[in-house]
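Report on the structure given below.
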Amino acid sequence: MIPQKTYSVDEATKKLESYCAYQERCHKEVTDKLKQMRMIPEAIDQIVVHLINHNFLNELRFAKAFVRGKFRIKKWGKNRLTRELKFRDISAYAIKEALKEINEDDYVETLHELTLKRINQVKEKNVYKKKKKVADYLLYRGWESHLVYEKLSELVK
């Protein structure tokens, strides 16, 4: 077994500063990283407080960046975004604020484009089966069910 490198609090702090500077991180990712580095709980708390005080770690900033990125690139709906943020132990307040980053018009337009794209991909002759396949796809991506079914009744005849 290869002995794992041990870190002093200062070394770990420097390493985590660059880890957080590289991209936005949530508290959970940082504490998991520190546990991986085999730091003791007191050191973990001390380093996390340092990162927060020096603005390397900011839950609200992370949540907003996460929502913007996943919505723009992966086209996730609000349900999926909320679920993923909760999984990362983000506070309800931060989640609510982050979801405000999505422009309502862009949200509706993205759902429309995604629905049309998926309708064209599904090669099902039976209208009900086609609707179900498209709906399942959109629901998996976290779009609200009432919006999905409204859009499907509008587009699939």
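Each value in this text was obtained by applying a stated rule to the coordinates, not by laboratory testing. Note that this is a predicted model, so its numbers are computed, not measured. Neighbour counts run over all protein chains shown; Cβ positions are idealised from the backbone, glycine included.
Restricting the search to segment 7-58, which residues are touching a residue at least 24 places away in the same chain (Cβ under 8 Å) and aliphatic (A, V, I, L, M)?
9, 12, 16, 21, 30, 37, 39, 43, 47, 51, 57
Condition check: surrounded by 18 or more Cβ atoms within 10 Å (Cβ to Cβ), out of contact with any helix residue (DSSP H, G or I) (no Cβ under 7 Å at 6 or more places or on another chain), over 30 Å from residue 31 (Cβ atoms) and polar (S, T, N, Q). Does residue 110 satisfy that?
Values: surrounded by 18 or more Cβ atoms within 10 Å (Cβ to Cβ): yes; out of contact with any helix residue (DSSP H, G or I) (no Cβ under 7 Å at 6 or more places or on another chain): yes; over 30 Å from residue 31 (Cβ atoms): yes; polar (S, T, N, Q): yes.
The answer is yes for residue 110.
Which of the residues belonging to segment 1-37 are basic (Lys, Arg), surrounded by fewer than 18 Cβ atoms within 10 Å (Cβ to Cβ) and within 16 Å of residue 59 (Cβ to Cβ)? Walk me through how you get there before you give the answer.
Step one: list which residues in segment 1-37 are basic (Lys, Arg), which gives 5, 14-15, 25, 28, 33, 35.
From the residues that got through so far, the ones that are surrounded by fewer than 18 Cβ atoms within 10 Å (Cβ to Cβ) too are 5, 14-15, 28, 35.
Across segment 1-37, the qualifying residue is only 28.
Residue by residue, here is whether (1) assigned to a helix (DSSP H, G or I); (2) touching a residue at least 40 places away in the same chain (Cβ under 8 Å); (3) among the acidic types (Asp, Glu); (4) closer than 30 Å to residue 27 by Cβ holds:
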residue: 83; (1), (2), (3), (4): yes, yes, no, yes
residue: 86; (1), (2), (3), (4): yes, no, no, yes
residue: 97; (1), (2), (3), (4): yes, no, yes, yes
residue: 105; (1), (2), (3), (4): yes, no, yes, no
residue: 115; (1), (2), (3), (4): yes, yes, no, no
residue: 123; (1), (2), (3), (4): no, no, no, no
residue: 142; (1), (2), (3), (4): no, yes, no, yes
residue: 146; (1), (2), (3), (4): yes, no, no, no
